[in-house]
Amino acid sequence: MTELANGVDAPESDSEFDALHGTDTAGSVEPGDLGIGNVESRKLAIRYLPSPLRVTSWMLDRVGVDPRQYSFVDLGCGKGRVLLVAAQQPFHKIVGVEISTDLAAIARRNIDRFRPLSEQVRAITVENTDVRKFKMPPGNLLIHMYHPFDAAISAEVFARLAAIQDVPPRRVVVAYLTYTHSVSSVAEMFAAFAWLRLLRYEESIRGRYNWLIYEGTPTA
């Protein structure tokens with residue numbers, strides 16, 4: 001992914017996507033300003049930053065799934081930029097999960113404001129809830145995460161997913177975007193789940209936008 005490094009702006013000041021589509025996805029929001037009522041959840045939250053368009057597009061083009069056979073789930077979807085990018089492909093369902101009521105409301109407004117509007121964009125749903133309470137859609141999943149919260153929360157999400165025995169078994173692909181200093185803790189968290197194996201690790205030249213791609217079939 002090194003070819004992306006010189007062509008990606010800092011996420012907090014990257015206004016290209018919004019200028020093109022009439023949306024409001026740029027900027028950053030600190031955990032204390034996310035409007036999360038639960039004190040424990042607020043402590044485990046991480047600052048909101050939008051994923052750069054080129055970085056998300058790179059992943060979707062190379063992750064190796066047929067979107068017609070998968071639902072796309074963005075855990076910690078923030079203002080919804082990744083959902084809107086994913087809606088350019090024919091996923092079965094596109095769902096964002098966001099604990100912040102404020103960010104979830106912005107994400108829904110962005111869906112309404114996005115141009116060009118399409119049936120696929122209109123079909124996006126945003127669930128304003130704690131990811132630990134969210135029920136995953138049935139069938140194969142492509143789960144996107146931009147280092148949205150503490151590893152302890154991620155571990156609960158995947159433990160809960162593993163406890164669901166689907167017939168036929170579903171395939172789960174996880175595209176996890178994180179920073180260099182967090183790679184080891186994220187990898188350690190995923191290592192606890194034997195049913196998920198690391199497919200690829202892509203590191204950018206500036207030590208930013210590092211993708212960890214996992215895949216597997218949940219087993220209890």
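Working with all protein chains in place, sort Arg122, Arg200 by solvent-accessible area computed with a 1.4 Å probe, largest first.
So, going from the largest accessible area down, we get Arg122, Arg200.
Order the peptides 128-136, 147-155 from the highest to the lowest mean number of other Cβ atoms within 10 Å of their residues.
Ranking, from highest mean packing down: 147-155, 128-136.
Non-local amide H neighbours of Asn140 (under 5 Å, H modeled in plane, Pro and chain starts lacking H): which ones?
The list, which skips near neighbours in sequence, is Ser71, Arg171.
Please quote Rg/Rh for the stretch 127-206 to two decimal places, taking the Kirkwood radius as Rh and restricting both calculations to Cα atoms.
Radius of gyration relative to Kirkwood radius: 0.96.
Sticking to Cα atoms, compute the Rg of the stretch 76-220 to one decimal and its Dmax as the biggest Cα-Cα distance, whole number, in Å.
In order Rg, Dmax, the Cα atoms of the stretch 76-220 give 15.4, 43 Å.
Hey, got the Cα dimensions of the stretch 107-157 along the principal axes, in Å, largest first?
Projected onto the principal axes, the Cα atoms of the stretch 107-157 cover 38, 24, 17 Å.
Taking amide H positions as placed in the peptide plane 1.01 Å from N, state which residues far from Gly96 in sequence (5 or more) or on other chains have amide H under 5 Å from it.
Asp74, Thr125, Val126, Glu127
What percentage of the solvent-accessible surface of the stretch 138-220, computed with a 1.4 Å probe over protein heavy atoms, is contributed by carbon and sulfur atoms?
58
The values are calculated or read from the model by the stated rules, or taken from the named source; none is laboratory data. For clarity, every value in this text was computed on a predicted model and none was experimentally measured. With ideal geometry, Cβ positions are generated from the backbone for all residues, glycine too; neighbour counts draw on all protein chains shown. These accessible areas exclude ligands, DNA and RNA; they are computed on the full protein's heavy atoms, side chains included. Shrake-Rupley method; radii C 1.70, N 1.55, O 1.52, S 1.80 Å.
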